[in-house]
Amino acid sequence: MISHPTAAELAAGLAAFEAEPATPEDARHVFLSRVADNARAILAREAEHGAKLQAEATERLAALLGQTGDFETLNDQLCQALRQGKIAPLAPALLAHLRAMAIGQIAIDQPGYGGLAALLDRGDRT
Amino acid sequence: MDVAAALDRLAPQLSPSATGAVNARRLSGGASLETWAFDLSDGTPLILRRRPDAALPRETALPLASEAALIRAAEAVGAPTPTVLKVCTPDDQLGEAYVMRRLEGETLGRRITRDEAFAAVRPGLARRCGEVLAQIHAAPTTNLPPLAISDARGELERYEGIYRDLDARRPILEAAFRWLKATAPPPPERPVLIHGDFRNGNLMIHPEQGLVGVLDWELAHLGDPAEDLGWICVNSWRFGAWRKPVGGFGDYAELLAGHGGDISLERVQFWQALGSLKWAVMCLMMYQSFATGADRSIERAMIGRRTSEAEIDLVTLMEGAT
């Protein structure tokens, strides 16, 4: 479900970094080591929650579009429908799906991001 | 290229009492631009900005001579900027470069929004940002170097074009393009000088004097003043302090009042949303340089996973618009 990069691409980038000689005195290497730690954490969270998120997203997409299919097919159809104006960008059913998707993906990519609290705070108020 | 030796030779031109330059050290590791700190022998602290020898020309970034000219133009209208001392020529053997004063303060957003050291200046900072942007936006545009002109609709089309070329399937971005195209404000009556990257991170903040320098002018252009006001409100530059929309340190009303009350909150929030959308596309673009093999660093791969931060902010903004 998650792309740009996929978990496989991220793992490949991580493996390439780990194969480089470590130069702990180099500031750039220190910075990249921290980035690599974050990449490992993302991969661990995605391994744990990715499949469940995709199954839930596929179910929501099927209900939203009235279609059946795998996640990629349905997600692609949703993008086409939005581009062609067949679904309005602020339609409540659409926003409910987008909200769930955004929450699911930030929980993998960056669970401490302030935007998650901001979105949940909105939901609490309305 | 021996930057330290070239700076040593240049020193007498930078201060009449200097005989050389010492302590030259590279600060940032950007691929498109280098920043060096150094001191003159008389103690003057300075900064060198230069294009690396092998840098590819970037479509959107200004030539450094133009950047220097804009800093001077902003200084002339009273905006806080580091004074430019010298735009280098080929004789200086530094390539495309200029030298400016080194300001004292902090640019790291996380420290500015959280550290006790900045607690005294934080309350006045959003208003001050509005005042300084008003000065920049009022700068005479007749004698500026050549700059691109943009407006909301043009920016949406440009970024949607980039998004289409990337062939990504991101329904949140699709919805955001449609939403913002339907609500885009008309171009301003008169395009003004826009800094283009005015955000927490590009502002030098002093613990007592507050905003002492507006940095990084390489994305400056002519356009809608609300663009600069919206960009500093993008959640990605609030460093976790998301309840303070202006840079993680202030409120909309303070920013708008500082600017003179001439721009509506609605217009600023449109540009804020467009800012999140642009940041999402930029993250995808940076990931693309990993995917194509142009830059296989783990950093480039990982920035693709920041697209989702812009997406969650867009969902919050779209929900708020219903």
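Identify, among A:Gln77, A:Ile106, A:Gly66, the residue whose Cα sits farthest towards the positive end of the charge dipole of region A:7-121, taking +1 on the Cβ of Lys and Arg and -1 on the Cβ of Asp and Glu, with the dipole about the Cα centre. Value computed over the given set: A:Gly66.
In the assembled protein chains, B:Glu104 presents an accessible area of approximately 140 Å² (probe radius 1.4 Å). Per residue of B:287-300, other chain Cβ atoms within 10 Å of the residue Cβ number 4 on average. The Rg/Rh ratio for the protein assembly as shown is 0.98, where Rg is the radius of gyration of the alpha carbons and Rh is the Kirkwood radius. Taking all protein chains together, A:His49, A:His4 sort by accessible area into A:His49, A:His4, largest first [probe 1.4 Å]. Taking every residue in A:84-94 and counting other chain Cβ atoms within 10 Å of its Cβ, the average works out to 4.
Per residue of A:13-20, other chain Cβ atoms within 10 Å of the residue Cβ number 3 on average.
Pairs spanning more than 31 Å between alpha-carbon atoms, out of B:Lys86/B:Lys244; A:Lys52/A:Lys86; B:Lys244/B:Lys278: B:Lys86/B:Lys244. Counted over region B:109-321, the DSSP beta bridges are approximately 90% antiparallel. Here the Debye sum runs over all C-alpha atoms of region B:217-322 as equal scatterers in vacuum, and log10 of I(q)/I(0) at q = 0.13, 0.14, 0.15 Å⁻¹ comes out as -0.54, -0.61, -0.69.
Working from the Cα coordinates of region B:281-322, the gyration tensor eigenvalues give, after taking √(5λ), semi-axes of 27, 8, 4 Å in decreasing order. Residues considered: B:Asp115, B:Asp92, B:Asp165. Largest GNM mean-square fluctuation over chain B, using C-alpha springs under 10 Å, is found at B:Asp165. Measuring nothing but how far apart in sequence close Cα pairs (under 8 Å, 6+ apart) lie, relative to its length, region B:109-321 scores a relative contact order of 26 percent. Go ahead and set up a Gaussian network model of chain B, Cα springs under 10 Å, then flag whichever of B:Pro63, B:Pro185, B:Pro16 fluctuates most. Result for chain B, Cα springs under 10 Å: B:Pro16 fluctuates most. Within chain A, the proportion of Cα pairs with more than 17 Å between them is 66 percent. Would you work out if region B:186-251 is rounded, prolate or oblate? Take a ≥ b ≥ c from the square roots of the eigenvalues of the alpha-carbon gyration tensor; rounded if a/c is under 1.5, else prolate when a/b is larger than b/c, oblate otherwise. Oblate. Restricting the calculation to alpha carbons of chain B gives Rg and Dmax of 20.1, 65 angstrom.
DSSP finds beta bridges in the protein assembly as shown, and of those with both partners inside it, around 95 percent are antiparallel.
Look at the dipole of chain B built from charges on Cβ: of B:Gly196, B:His259, B:Ala321, the Cα furthest out on the positive end belongs to B:Ala321. Of all complete DSSP H helices in chain B, those with a Cα span along the helix axis of 24 Å or greater and a mean Kyte-Doolittle hydropathy of 0.5 or more are B:265-291. Computed over chain A with a Gaussian network model linking Cα atoms closer than 10 Å, the most mobile of A:Gly66, A:Gly13, A:Gly50 is A:Gly66. With the cut-off at 1.5 for a/c, could you classify region A:83-126 from its C-alpha gyration tensor as rounded, prolate or oblate? Since a/c reaches 1.5 but b/c is at least a/b, the shape of region A:83-126 is classed as oblate. For chain A, the longest principal axis of the Cα atoms and the long axis of helix A:92-109 meet at an angle of about 10 degrees. The alpha-carbon atoms of region B:38-192 define a convex hull whose volume equals 200 cubic angstrom per residue. When B:Ser41, B:Ser276 are compared by accessible area of protein heavy atoms, the largest-first order is B:Ser41, B:Ser276, using a 1.4 Å probe. The share of accessible area on the protein assembly as shown that comes from carbon and sulfur is 53 percent, using a 1.4 angstrom probe.
Oblate is the label for region B:3-101. Its Cα gyration tensor axes, ordered a ≥ b ≥ c, give a/c of at least 1.5 and b/c at or above a/b.
The values are calculated or read from the model by the stated rules, or taken from the named source; none is laboratory data. The model shown is predicted, which means the values in this text are computed figures rather than measured ones. All Cβ positions, even for glycine, are placed from backbone atoms using ideal geometry, and neighbour counts span all protein chains on display. Accessible surface areas use protein heavy atoms only, side chains included; no ligands, DNA or RNA. Shrake-Rupley method; radii C 1.70, N 1.55, O 1.52, S 1.80 Å.
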